[in-house]
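Reading through the structure tokens given below for one structure.
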Amino acid sequence: MDRIGLVLDGGGGKGAYQIGVWKAMRETGVDKHITVVSGASVGGLNAALFVQGDYEKAERIWTRDIADIRILSLAESVRKLIEDKNNLDMSVFSDSPVECFIATYCSTQNENTLPQAVYGPDGEIEKIVSGNMNYFRMRSIESNKRQDLIFNNSMSGKILLATSAMPVLCGPQVIGGMLHHDGGIKDNSPVFPLDWGNEFCDTVIIVHLDHIKGIADRAEYSSVRIYEIFPDVSSDELGLLGGTLNFNTDHARRLIEAGYRDSLPLMKQIAYALAGNARSSKAASAEAMLSEKRSAAARDLLEAEKSILSGII
């Protein structure tokens, strides 16, 4: 497990479940090994929180601040949540060790567009375009540019608002002259950017927000080890009214606990495997050092023998 990616599905109010999974990751130390995170819709918002690395803040938002969200004015409620600097510090995207991709659906883009990377005029703004899906990278791919923000706060906010622009309830966001909508419309489990270009994650953890909706074609990612987490809660908690459109804080607390409970065994398994990798790496390093010492000792002995022989001769 050299590069572990995290994919967060969309699902409105059900997104609290992913915070519980993060809690399990944090408890087992797996969160420190995530190198790339990708999200669609509410999963995109949770991805932005994950990059900040502040679990307590994320839990506070889901168990307290979302009480202010009103379904009939969902777009404005989400906008206030995103633009509140106490919730989302956009500057973290510039220096976080975790790459972050946000998936959006572009209704004004050719559906047959082949996958390609698109750069802005300054060479830093990047998105991966595939069909009518845009996957925005929230910071520069090059480590020497990590100190520079790719997007200013306004653009970052637009991207996050676009991916969470649920049809009917929220209008699209205009980015680069194109209309962008909820990323979950076309790709609710955005694995693609984690297996494209320079990412090449060998392990991906996908946190779903429905009982049975998984990756449609695992063969497409045959070189990637995929772990899928599904919520083990009642169907009522995951329905449209009881789940997707339910931003009640008690509901959020139940889902956080469920996410923690459901994912903890897997996180312990992954943590054990990571510890094994570390032990193997240390053993290999120790063996290499011992081998080098043996080689050095053999060279010294050979030189000593040569010196003795030259004196005799």
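So here's what we get for this one:
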quantity: Verdict on Ala75 being within 22 Å of His251 (Cβ to Cβ), in contact with a Cys (Cβ under 7 Å, 6 or more places away or on another chain) and open to solvent by 20 Å² or more (accessible area, probe 1.4 Å); calculated: yes
quantity: Number of the condition not met by His181 [criteria: (1) open to solvent by 80 Å² or more (accessible area, probe 1.4 Å); (2) in contact with a Pro (Cβ under 6 Å, 6 or more places away or on another chain)]; calculated: (1)
quantity: Test result for Ile270, assigned to a helix (DSSP H, G or I), closer than 20 Å to Thr35 by Cβ and at pLDDT 90 or above; calculated: yes
quantity: Qualifying residue in segment 195-209 (condition: over 23 Å from Ile69 (Cα atoms), in a strand (DSSP E or B) and of a type in the set (S, T, N, Q)); calculated: yes
quantity: Selection from segment 236-257 of residues that are crowded, with 16+ Cβ neighbours inside 10 Å, hydrophobic (A, V, I, L, M, F, W, C), out of contact with any Leu (no Cβ under 8 Å at 6 or more places or on another chain) and assigned to a helix (DSSP H, G or I); calculated: Ala252, Leu255, Ile256
quantity: The lone exception for Gly11 - which of (1) of a type outside the set (Ser, Thr, Tyr); (2) surrounded by fewer than 19 Cβ atoms within 10 Å (Cβ to Cβ); (3) in contact with a Leu (Cβ under 6 Å, 6 or more places away or on another chain) it fails; calculated: (2)
quantity: Complete set of residues in segment 226-256 that are free of Cβ contacts under 8 Å to residues at least 40 places away in the same chain and closer than 28 Å to Glu99 by Cα; calculated: Ile226, Glu228, Phe230
quantity: Test for Ser295: is it at pLDDT below 85, part of a helix (DSSP H, G or I) and open to solvent by less than 100 Å² (accessible area, probe 1.4 Å); calculated: yes
quantity: Filtered residue count, segment 23-33, keeping only those that are open to solvent by 10 Å² or more (accessible area, probe 1.4 Å) and among the β-branched types (Val, Ile, Thr); calculated: 1
quantity: Given (1) aliphatic (A, V, I, L, M); (2) modelled with pLDDT of 80 or more; (3) closer than 20 Å to Gly183 by Cα, index of the condition Val98 fails; calculated: (3)
quantity: Residue count for segment 162-178, restricted to those that are surrounded by 24 or more Cβ atoms within 10 Å (Cβ to Cβ) and under 19 Å from Arg137 (Cβ atoms); calculated: 3
quantity: Hits in segment 208-225 (condition: in contact with a Ser or Thr (Cβ under 8 Å, 6 or more places away or on another chain) and of a type in the set (Val, Ile, Thr)); calculated: Ile215, Val224
quantity: Pairs where the first residue, in segment 65-81, is under 18 Å from Pro172 (Cβ atoms) and in contact (Cβ under 8 Å) with a residue 12 or more places away in the chain and the second is among the polar types (S, T, N, Q) and surrounded by 13 or more Cβ atoms within 10 Å (Cβ to Cβ), C-beta under 7 Å, 6+ apart; calculated: Val78/Ser164
quantity: Selected residue (only one of Asp122, Asp89 is acidic (Asp, Glu), at pLDDT below 85 and closer than 18 Å to Leu160 by Cα); calculated: Asp89
quantity: Residues (more than 24 Å from Asp232 (Cβ to Cβ) and in contact with a Ser or Thr (Cβ under 6 Å, 6 or more places away or on another chain)) located in segment 45-76; calculated: Val51, Ala67, Ile69, Arg70
quantity: Helices (runs of 4 or more DSSP H) fully within segment 1-113 counting 1 or more residues that are within 16 Å of the chain's Cα centre (by Cα); calculated: 16-28, 42-52, 55-63
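Yes or no, residue by residue, for (1) touching a Cys at 6+ places or on another chain (Cβ under 9 Å); (2) modelled with pLDDT of 55 or more:
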| site | (1), (2) |
| --- | --- |
| Ile128 | no, yes |
| Asn132 | yes, yes |
| Tyr135 | no, yes |
| Ser143 | no, no |
| Leu149 | no, no |
| Asn152 | no, no |
| Gly157 | no, yes |
| Leu160 | no, yes |
| Met166 | no, yes |
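The values are calculated or read from the model by the stated rules, or taken from the named source; none is laboratory data. These numbers were taken from a predicted model, which means no experiment stands behind them. No Cβ is skipped: glycine too gets one built from the backbone with ideal geometry, and neighbour counts run over all protein chains shown. Just so you know, the surface numbers come from the protein's heavy atoms only, side chains and all, with ligands and any DNA or RNA stripped out. Shrake-Rupley method; radii C 1.70, N 1.55, O 1.52, S 1.80 Å.
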